[in-house]
1. Out of the range 121-133, which residues are hydrophobic (A, V, I, L, M, F, W, C) and either more than 15 Å from the ligand (Cβ to nearest atom) or not in a strand (DSSP E or B) (or both)?
2. Of the residues that sit in the range 170-200 and are within 15 Å of the ligand (Cβ to nearest atom) and aliphatic (A, V, I, L, M), which one is surrounded by the most Cβ atoms within 10 Å (Cβ to Cβ)?
3. Check A168, A156 and return the single one that is in contact (Cβ under 8 Å) with a residue 60 or more places away in the chain and either of a type in the set (G, A, S) or in a helix (DSSP H, G or I) (or both).
4. In the set L137, L142, which member is within 16 Å of the ligand (Cβ to nearest atom), part of a loop (DSSP other than H, G, I, E, B), under 30 Å from A273 (Cα atoms) and at pLDDT 95 or above?
5. Condition test on V240, is it of a type in the set (A, V, I, L, M), farther than 14 Å from Y177 by Cα and touching a strand residue (DSSP E or B) at 6+ places or on another chain (Cβ under 7 Å)?
6. Which pairs turn up if I take residues in the range 84-100 that are closer than 15 Å to L3 by Cβ and look for partners that are open to solvent by 30 Å² or more (accessible area, probe 1.4 Å) and at pLDDT below 95 with beta carbon separation below 7 Å, at least 6 apart in sequence or on another chain?
7. Within the range 245-253, identify whether any single residue is within 25 Å of L137 (Cβ to Cβ), in contact with a helix residue (DSSP H, G or I) (Cβ under 7 Å, 6 or more places away or on another chain) and not acidic (D, E), and answer yes or no.
8. Do you know which of the residues in the range 1-25 that are open to solvent by less than 50 Å² (accessible area, probe 1.4 Å) and aliphatic (A, V, I, L, M) is modelled with the lowest pLDDT?
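The values are calculated or read from the model by the stated rules, or taken from the named source; none is laboratory data. A quick note: this is a predicted structure, and the numbers were derived from the prediction, not measured. So basically every Cβ, Gly included, is an ideal-geometry build from the backbone, and we count neighbours across all protein chains shown. Note: accessible area is taken over every heavy atom of the protein model, side chains too, but ligands, DNA and RNA are not part of it. Shrake-Rupley method; radii C 1.70, N 1.55, O 1.52, S 1.80 Å.
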Amino acid sequence: MNLADVNSVKRLLESEGFSFKKSLGQNFLIDQSVCPRMASAACDEDTGVLEIGAGAGVLTAELAKKAKKVVSVELDERLRPVLQKTLYEFLNTEVVFADAMKIDLAALIAERFSDCKRVCVCANLPYYITSPIIMMLLESRLPIDSVTVMVQKEAAERLCAKVGSREAGAVTVAVNYYAESEILFGVPRESFLPPPNVDSAVIQLKIRAVPPVEVADEKFFFSLVKACFAQRRKTLINTVSNTLHIEKELLRTALLNIGESETARAEKLSMEALSNLCNEIIRLK
Ligand code: SAH
């Protein structure tokens, strides 16, 4: 079966009686050029690839051509007969039917990829859980080198923004803490079946060996960052004191001690400033 031919994939989905579920973020890639580009950016012949959401297996097959092995975690059991047909000739692929947010990915990686030099994640993510999946992949400190994923264009811009710019949010800081991020290329909505209401982009997160800043308490750092960005137009002193119940006077002293203005706003602060603020608050408390 020619997976590059949109019509034969469509015919197969129809003959299996498959109907797209919007609630599962099912927008399958049908642009012949996108999957090979994603696969080339993500992996080489020594790589084990973890895919999230196999769909009809079109990206899975492209990954299989370039990688040593592909394991795809797919939630929707209705795709089993479709994937049996599309992937049967790709012997280095395996589909695990499970929820990617619930399955033990560390165990899966250890079991399936012990013979691979490196492991990476590549996926056309279900958009209803883009940020939770990305944060789960980063926070669980899986032994992966990179995450190359299709996300909504707006999400791509936020995830890959420069910390200290207007586009940055709490998730930008979190991503930057764990990885170096980059937008690789844009993908128009017409590249998907059915077409979503937004354009998309492929981003790549290269996992850092060590974080770019040293924080005294990671958990507090991330709750502080969340609080800082909760009401981005307000001054940091107001939003942090309200959310985390820290005295305004202590926050004012901390800001001045790290060389920032007492009217500072989150979107102006660099990674260093945010980590310095975290460490200074802990010191003063
Ligand atoms: N990779 C395919 C499909 C992308 S659509 C392609 O590019 O064409 C997103 C896929 O993720 C769908 O197949 C959907 O069923 C699956 N999915 C949705 N939620 C999931 C979850 N929690 N865990 C695993 N897969 C999920």
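1. Step one: list which residues in the range 121-133 are hydrophobic (A, V, I, L, M, F, W, C), which gives 121-123, 125, 129, 133.
Selection gives L125, I129, I133.
2. So, considering only residues that are within 15 Å of the ligand (Cβ to nearest atom) and aliphatic (A, V, I, L, M), the one surrounded by the most Cβ atoms within 10 Å (Cβ to Cβ) is V187.
3. Numbers: A156 fails: in contact (Cβ under 8 Å) with a residue 60 or more places away in the chain.
A168 is the lone residue from the list that is in contact (Cβ under 8 Å) with a residue 60 or more places away in the chain and either of a type in the set (G, A, S) or in a helix (DSSP H, G or I) (or both).
4. Values: L137 fails: part of a loop (DSSP other than H, G, I, E, B).
Answer to the selection: L142.
5. Values: of a type in the set (A, V, I, L, M): yes; farther than 14 Å from Y177 by Cα: yes; touching a strand residue (DSSP E or B) at 6+ places or on another chain (Cβ under 7 Å): no.
Against the criterion (of a type in the set (A, V, I, L, M), farther than 14 Å from Y177 by Cα and touching a strand residue (DSSP E or B) at 6+ places or on another chain (Cβ under 7 Å)), V240 does not qualify.
6. K85/M1; T86/M1
7. Looking for residues that are within 25 Å of L137 (Cβ to Cβ), in contact with a helix residue (DSSP H, G or I) (Cβ under 7 Å, 6 or more places away or on another chain) and not acidic (D, E), one finds none in the range 245-253, hence no.
8. The selected residue is A4.
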